[in-house]
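Notes follow once the structure below has been shown.
A short reminder: the numbers here are calculations on the coordinates, not readings from a lab. These figures come from a predicted structure and were not determined experimentally. Backbone-built Cβ (ideal geometry, glycine too); neighbour counts: all protein chains shown.
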């Protein structure tokens, strides 16, 4: 038998022909012939690799790791420093592009929220309001009816400011994006210095 058949036998271990046929969608008699020396089909070998987690290069050539989960660590051990730095640089560039897209998306959301807030403010001012006394916002944790800031009159609401305050969702997203962009820029600078 060939080296391929030896590797195939070690890959499947004590799996029966019937079970191997089920896993590879191959008739058990065909599996028996493959395992006893006949050249296996590429489809059969691909199914063996997928079913048993075997690296195709190892099965065909005997080179590299046997198991797929060992490929990454094997490649990292074999790679030289310039290949690793190149891969890191490519990954950082991809992350930088993603951060740029995310920033543009958040900026678009901010712009839409500002426009919506302005439109809502204009619509509220143009519609007639019934005559009422000053409106007061009651803090639910403060049952005596005082305003949250301690004053009596909240003054005119600024919807644009309230949407973009750091405590609101968009403000938090914007702050997180800015923080990540800064961290990313620091990593890129460190990689370039190395």
- Note on the structure: Between residue 184 and residue 43, the FRET efficiency computed from the C-beta separation at R0 = 41 Å comes out, to the nearest 0.05, as 0.40
- Which of 61, 15 comes first, and how do the rest follow, when ranked by fewest Cβ neighbours within 10 Å? 61, 15
- Message: Give me the percent relative contact order of the range 3-77, please, defined on Cα pairs under 8 angstrom at least 6 residues apart.
- Response: 27
- Note on the structure: 1/(1 + (r/R0)^6) with r = Cβ-Cβ of residue 191 and residue 116, R0 = 45 Å, i.e. FRET efficiency to nearest 0.05, evaluates to 0.65
- Message: Using a 10 Å cut-off around each Cβ, can you sort 4, 76 from fewest to most neighbouring Cβ atoms?
- Response: 76, 4
